[in-house]
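Just dropping this structure here.
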Amino acid sequence: MQIRVGYEIVYDCVQPTPMVLMLHVHHSRVADLVVPDHLVTEPALPVHAYHDSFGNWCSRLVAPAGRTRIASTAVVFDAGLPDPSFPHAKQHAVQDLPDNALVFLLGSRYCETDRLSDIAWQMFGNTPTGWGRVQAICDFVHNHIKFDYQQARSTRTAWEAFNEKVGVCRDYAHLAVTLTRCMNIPARYCTGYLSDINIPPPHGTMDFAGWFEAYLDGAWHMFDPRNNKPLWGRVLIARGRDATDVPISNAFGPNTLVSFKVMADEEPVAK
């Protein structure tokens, strides 16, 4: 199947404002792009692209004073299968982990492993290692946090989500990432598109989604504690230690977000 993804974001800036955007489909899905995701701005602006230290595709621009529209649409080929599951994936001993996975064992801005380590071992120390342990963490987080878009807060950390028991998809992911790291399993935060394909209505307002990946059995595997079930039409944009590394946009100056729209819909295939 094919999935049409895209966004339209409008900012109002009081002065010329440098921005870094992380909005392109991840390079691991580039071969699946039927229609590429070219970034378009109104007014037309020079855009410089680069890869960050995590391999994410980023764009730099300077938005002028006034309104700037940033938009893109793309079509992505997808196998049409639900999220994969590997229940027999094993956990590595820390000393056997690859060097580049070690950073994803450490605490980060939104993932306070030092504050949650004792709690994690008390709760999950007797669970099966490997996939079963990560799934047990996802089960807990899924049931512990109440989804409430009205209580979204960009500064909420994993520790705060654990205590407040409320949040949005990034809070579910941050708490699960933190607990997973506490159990000596590397975990990294992911952001991207997540469609409503095969989900019965009513559907909520479309937004970018947050989930995470855990390193098991020599590979990175996807987990989604917010939904906690296999879904269709997931398209990765970026990965990092937590949401600090993968913001959709960073604006270096005062601005107002005027409009924000995201789409991820199955595209009818011409016969």
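I'm trying to understand the selection: among the residues of region 162-179, which are acidic (Asp, Glu) and either out of contact with any Lys or Arg (no Cβ under 6 Å at 6 or more places or on another chain) or surrounded by fewer than 22 Cβ atoms within 10 Å (Cβ to Cβ) (or both)?
Glu164 - this is the single residue of region 162-179 that is acidic (Asp, Glu) and either out of contact with any Lys or Arg (no Cβ under 6 Å at 6 or more places or on another chain) or surrounded by fewer than 22 Cβ atoms within 10 Å (Cβ to Cβ) (or both).
For every residue, the table says whether it meets (1) within 25 Å of Pro82 (Cβ to Cβ); (2) out of contact with any Lys or Arg (no Cβ under 9 Å at 6 or more places or on another chain); (3) touching a residue at least 24 places away in the same chain (Cβ under 8 Å); (4) assigned to a loop (DSSP other than H, G, I, E, B).
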site	(1), (2), (3), (4)
Asn143	yes, yes, no, no
Glu160	no, no, no, no
Arg181	no, yes, yes, no
Asn184	no, yes, yes, yes
Arg188	yes, no, yes, no
Asp207	yes, yes, yes, yes
Pro225	yes, yes, yes, yes
Asn228	yes, yes, yes, yes
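Now for a different question. For region 102-114, indicate whether the set of residues that are outside the structural domain of Glu160 (by TED's automatic domain parsing) and not in a strand (DSSP E or B) is non-empty.
no
Continuing with the same structure: Please work out if Gly55 is under 20 Å from Phe208 (Cβ atoms), in a loop (DSSP other than H, G, I, E, B) and not polar (S, T, N, Q).
It is true that Gly55 is under 20 Å from Phe208 (Cβ atoms), in a loop (DSSP other than H, G, I, E, B) and not polar (S, T, N, Q).
If you scan region 120-141, which residues turn out to be in contact (Cβ under 8 Å) with a residue 60 or more places away in the chain and not in a helix (DSSP H, G or I)?
Selection gives Gly130 alone.
Count, please, the residues in region 247-271 that happen to be out of contact with any Asp or Glu (no Cβ under 9 Å at 6 or more places or on another chain) and either surrounded by 20 or more Cβ atoms within 10 Å (Cβ to Cβ) or among the small types (Gly, Ala, Ser) (or both).
Looking only at that region, the number is 4.
Any chance region 20-33 includes a residue that's assigned to a strand (DSSP E or B) and either out of contact with any strand residue (DSSP E or B) (no Cβ under 7 Å at 6 or more places or on another chain) or touching a residue at least 60 places away in the same chain (Cβ under 8 Å) (or both)?
Yes: one or more hits.
Still on this structure, please answer the following. Looking at region 70-123 only, could you name the residues that are crowded, with 17+ Cβ neighbours inside 10 Å and acidic (Asp, Glu)?
Listed by number, the residues that qualify are Asp78, Asp83, Glu112.
Something else now. Surrounded by 21 or more Cβ atoms within 10 Å (Cβ to Cβ), among the aliphatic types (A, V, I, L, M) and within 20 Å of the chain's Cα centre (by Cα): does that describe Ala152?
no
Could I ask something else about it? Need the failing condition index for His203 against (1) assigned to a strand (DSSP E or B); (2) modelled with pLDDT under 95, just the number.
His203 satisfies all of (1) assigned to a strand (DSSP E or B); (2) modelled with pLDDT under 95 except (1).
The values are calculated or read from the model by the stated rules, or taken from the named source; none is laboratory data. As the structure is a prediction and not an experimental result, all values here were calculated from the model. Ideal geometry is used to build each Cβ from the backbone, glycine not excepted, and the neighbour counts take in all protein chains shown.
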